[in-house]
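The values are calculated or read from the model by the stated rules, or taken from the named source; none is laboratory data. Because the structure is a prediction, the values reported are computed rather than measured. Here the Cβ positions follow ideal geometry from the backbone for every residue, glycine too, while neighbour counts run over all protein chains shown.
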């Protein structure tokens, strides 16, 4: 029982005042509701159950498995490795398309326009959209599902926004592993959308069959600021927002890009990159872009480049994973971080050279392995 509060106003000296005792307030949340909440435990699935769910096309279990893939916890990584191993025989049957572009090019609107076209034709589409993360807070907006509202409502579409967390613009080994899970779940087309024009394009190019660069006209010299490497990687350049008063400028931009692409050496794929115009809002030019993609796929499957390229990508990601694991193992050695920080201070004070400091750290690291 709650002890009564003492009020000085109720003492004999205060004749004109009286404070009535309050009543004990009930809890803001009903005890029974609290009990039920505590009893309700989130269901855990075994790797075998998750694999079975993925192969049956269960989107909920696919999402849970992707969460394990993205997790940095060792126990989750171990479970994810088992799921990927089980799904690997059922993967590889999709078309993997990388989509990048300058900020404001309308990537989300374009993906929704092309995506709804594909789902309406019976394709199953997975969109792996890499959202920019804050370098300070590591937070991410993860807004692709709101930007692609119509596509998100399609039963044959799966949109998975993932924070980049500053890891090479958001594209790394985990994205490739997610592709494997999506393919095993029955998705025949995979879009990988990147943050924008930057380092991530190289990583996307190394895990996709077709690379599409989305541009806009009317923003000054369209070729300024576009790195030669990105242009060399592009199998198709699409000039978006070719509508209204912008049609003429889009046509001029198309000619500029086409002339620029002719200066590059011939592709190993045997494909001549195309430049097309489109309007994602009006959905014009979308059919022509998909026709160009299917034309490319037919050509590269015929001449053997398609499979050769995938084999090279698998080899590339094996070595990338080795490098990543070695870095993690190196920097997570007990006490090594403090020693590295101490040597860094000595380097800054010019008491020791950078090369000698690095040599000392490596000797400590390799000495522990022996």
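What the table below lists for this structure:
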item: Boolean, residue 294 is at pLDDT below 95 and within 25 Å of the chain's Cα centre (by Cα); result: no
item: Where a residue in segment 305-319 is closer than 10 Å to residue 206 by Cβ and its partner, wherever it lies, is in a helix (DSSP H, G or I) and modelled with pLDDT of 95 or more, with Cβ under 9 Å and at least six apart; result: 309/300
item: Residue check for residue 111: in contact with a strand residue (DSSP E or B) (Cβ under 9 Å, 6 or more places away or on another chain), in the same structural domain as residue 294 (by TED's automatic domain parsing), crowded, with 20+ Cβ neighbours inside 10 Å and modelled with pLDDT under 90; result: no
item: Qualifying residue in segment 294-302 (condition: under 30 Å from residue 104 (Cα atoms) and touching a strand residue (DSSP E or B) at 6+ places or on another chain (Cβ under 8 Å)); result: yes
item: Selection from segment 275-310 of residues that are outside any helix (DSSP H, G or I) and over 22 Å from residue 231 (Cβ atoms); result: 279, 281, 282, 283, 284, 304
